[in-house]
1. Give, as residue ranges, the helices (runs of 4 or more DSSP H) completely inside the stretch 111-210 that count at least 2 residues that are touching a Ser or Thr at 6+ places or on another chain (Cβ under 9 Å) and at pLDDT 75 or above.
2. Is it the case that the stretch 245-267 has a residue that's under 27 Å from residue 42 (Cβ atoms), part of a helix (DSSP H, G or I) and of a type in the set (Phe, Trp, Tyr)?
3. Limited to the stretch 242-265, what total is found for residues that are crowded, with 18+ Cβ neighbours inside 10 Å, closer than 30 Å to residue 200 by Cα and either among the hydrophobic types (A, V, I, L, M, F, W, C) or modelled with pLDDT of 85 or more (or both)?
4. Given the residues 293, 229, 282, 222, which is the only one that is touching a residue at least 12 places away in the same chain (Cβ under 8 Å), within 20 Å of residue 58 (Cβ to Cβ) and assigned to a helix (DSSP H, G or I)?
5. Please find, within the stretch 47-68, the residue that is farthest from residue 307 (Cα to Cα) out of those that are of a type in the set (A, V, I, L, M, F, W, C), part of a helix (DSSP H, G or I) and touching a Gly at 6+ places or on another chain (Cβ under 9 Å).
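The values are calculated or read from the model by the stated rules, or taken from the named source; none is laboratory data. Everything numeric here is computed off the predicted structure, so don't read it as measured data. With ideal geometry, Cβ positions are generated from the backbone for all residues, glycine too; neighbour counts draw on all protein chains shown.
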Amino acid sequence: MLQTFRKATDYITNKYQKCVKYICESIDATDINIKLISAIVPFICITPINALLYKKWIMSMSGYKTIAGTVYYPVFATLVFSIPSLIYWVRRKNVRSIPKKSIFAISAYDTIGSLISAFTVSEISIMLNMVVSKILLPMTMIVSYFVLNKRYSWSHYLGALVTMCGIFIMAIPKIINSSDSTNMIALTFFIISFIPWTFAGITKESYLKTVKINKSVMNFMIYLFQLCIAIPILPVLYYFLEQPTVGLSLGSYITNSLGCQLSLTSDEECKYALRFLLTDQILSAFSSVLGLIIVQESSVTVYIILSTLRLPITQMMGYYLSTNGIITFTKDDNFQADIYSMISIIFVII
């Protein structure tokens, strides 16, 4: 069964890359990195769907966001990546050769960033979150300049500036028109969380440029290490973040949240929690591997720019789905297809 699955995935990958190569040759773009383009196209298509599925999943787990984000998400991600990792290890039979210190460092950086930002999620509006998070792009370029000795041309800096302008054009008018007040302490901690995330991205690029590793195995180990870090501090997170509002003991909280995640309760919100998470994880498995390929073939800066393109596309997709009654979101999501979104997409693509 594992051999059949491997052959099927290899066949589909080879056919897809040959198709991309044929298209590039047809337009005389023979100097383009075929592997990079083959990863970018599906990455841009999948990640907006991921964002909407993740939003629906978090909405279905509204009373259990702490354990959902820190434990359940990496648990299911570990299970999903365990299948291709098992196939790889059965073929290679060499688990010890994988460098684990760098992967643990990536996991630690990601976990620290997530934990810091977790305390600020409820205090910052969605649109402000989107705008401020773009600071990650210049931070990454600056750190990579010193740590990775990256040297950027004027076109790279101009590209980063244009990308950020596209997001600001979309988001700033909505922030100005919003009646939400901003907690400056929460905003400060949210910006601080970019520091470990920046080093996580830089470490990934450095690692992928120097070590040959299966991308599924790398993701499997990252999520596994995240679990090892998150589970011991779950009680602290719960008592600080959700216990004051939920009012349950930790044991009852875990039991109730597990029932909700597995859609075993009669709660209407939990009805599709498992379905949303499984669908999101399957697509996330592809987008995560594609993201690592993009970082390896180009840089983490390019990856962040491509991730930025997801924001206006996600907004327009959410607008279409919500206005046609296909999927419902909360009023706070405020998905709108306006002129600012269209200009934003144009800026980011340029």
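1. Details: elements: 126-132, 136-147, 154-176, 184-192, 194-210.
Per the criteria, 136-147, 184-192, 194-210.
2. Step one: list which residues in the stretch 245-267 are under 27 Å from residue 42 (Cβ atoms), which gives none.
Looking for residues that are under 27 Å from residue 42 (Cβ atoms), part of a helix (DSSP H, G or I) and of a type in the set (Phe, Trp, Tyr), one finds none in the stretch 245-267, hence no.
3. Total satisfying the criteria: 2.
4. Numbers: 293 fails: within 20 Å of residue 58 (Cβ to Cβ); 229 fails: within 20 Å of residue 58 (Cβ to Cβ); 222 fails: within 20 Å of residue 58 (Cβ to Cβ).
The match here is 282.
5. Within the stretch 47-68, the first condition is being of a type in the set (A, V, I, L, M, F, W, C), and the residues that meet it are 49, 51-53, 57-59, 61, 67-68.
Adding the requirement that they be part of a helix (DSSP H, G or I) leaves 49, 51-53, 57-59, 67-68.
Remaining after also requiring touching a Gly at 6+ places or on another chain (Cβ under 9 Å): 51-52, 58.
Details: 51: 11, 52: 14, 58: 20 Å.
Restricting to residues being of a type in the set (A, V, I, L, M, F, W, C), part of a helix (DSSP H, G or I) and touching a Gly at 6+ places or on another chain (Cβ under 9 Å), the top hit is 58.
Residue-wise test of (1) surrounded by 20 or more Cβ atoms within 10 Å (Cβ to Cβ); (2) more than 25 Å from residue 236 (Cα to Cα); (3) charged (D, E, K, R).
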| position | (1), (2), (3) |
| --- | --- |
| 33 | no, yes, no |
| 37 | no, yes, no |
| 41 | no, yes, no |
| 49 | no, yes, no |
| 59 | no, no, no |
| 62 | no, no, no |
| 65 | no, no, yes |
| 68 | yes, no, no |
| 77 | yes, no, no |
